[in-house]
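Working notes, structure below.
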């Protein structure tokens, strides 16, 4: 089984989600199923079937989260001797060399990538181009609409 890199914060969020499903959602849906079953004939009981479908979804998500956490390799860049280089888990402030627009990204694992939160996957073209570079470097990145150049303004290990 291959290990999948994940930040400590990402693993914490997955554990919290798993805990919520096991401790809150699962007991709640079991109660809903019991309530629907108490109404009599379950063959035409829409509440029962909806609750069973929800239970199936919850159990599937629990299994998925447990699998993710079993495969996870938690990486904390603060514990590595990296001397200002861009590595997994680093938070970067970049300036688009052409547009002068600044963006902030954290390089994270595929399981926790979310561009809306500024978290880019380690397997994305931008992250692959930035890995190993240092503050002050200008990096050309091949993206679907051409090549973009970014200057690395800051590298932080949060």
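Coordinate-derived values only; no laboratory data. What you see is a predicted model; the values in this text were computed from it and never measured. A quick note on method: Cβ atoms are made from the backbone with ideal geometry, for glycine too, and the neighbour counts reach across all protein chains shown.
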Can you tell me the order of 83-89, 96-102 when each peptide is scored by its average per-residue count of other Cβ atoms within 10 angstrom, highest first?
83-89, 96-102
Angle in degrees between helix 46-71 and the longest Cα principal axis of the chain, rounded to the nearest 10:
40 degrees
Below 8 Å between Cα atoms, with a sequence gap of 6+, how large is the relative contact order for the stretch 77-156 in percent?
33 percent
Pair-distance profile P(r), taking every C-alpha pair of the chain, with 10 angstrom steps and integer %
10, 29, 22, 16, 12, 7, 2, 0
Counting pairwise Cα distances across the stretch 30-109, what percent come out greater than 15 angstrom?
73 percent
Expressed in angstrom and rounded, the centroid-to-centroid distance over alpha carbons for the stretch 64-78 and the stretch 99-116 is 19 Å
Against the longest principal axis of the chain, how steep is helix 8-20, in degrees 0 to 90 to the nearest 10, with axes from Cα atoms?
10 degrees
Across all Cα atoms of the stretch 4-74, Rg and the largest Cα-Cα distance (Dmax), in Å, are 15.7, 49
Rg/Rh for the stretch 77-156 to two decimals, with Rh computed the Kirkwood way over all alpha-carbon pairs.
0.94
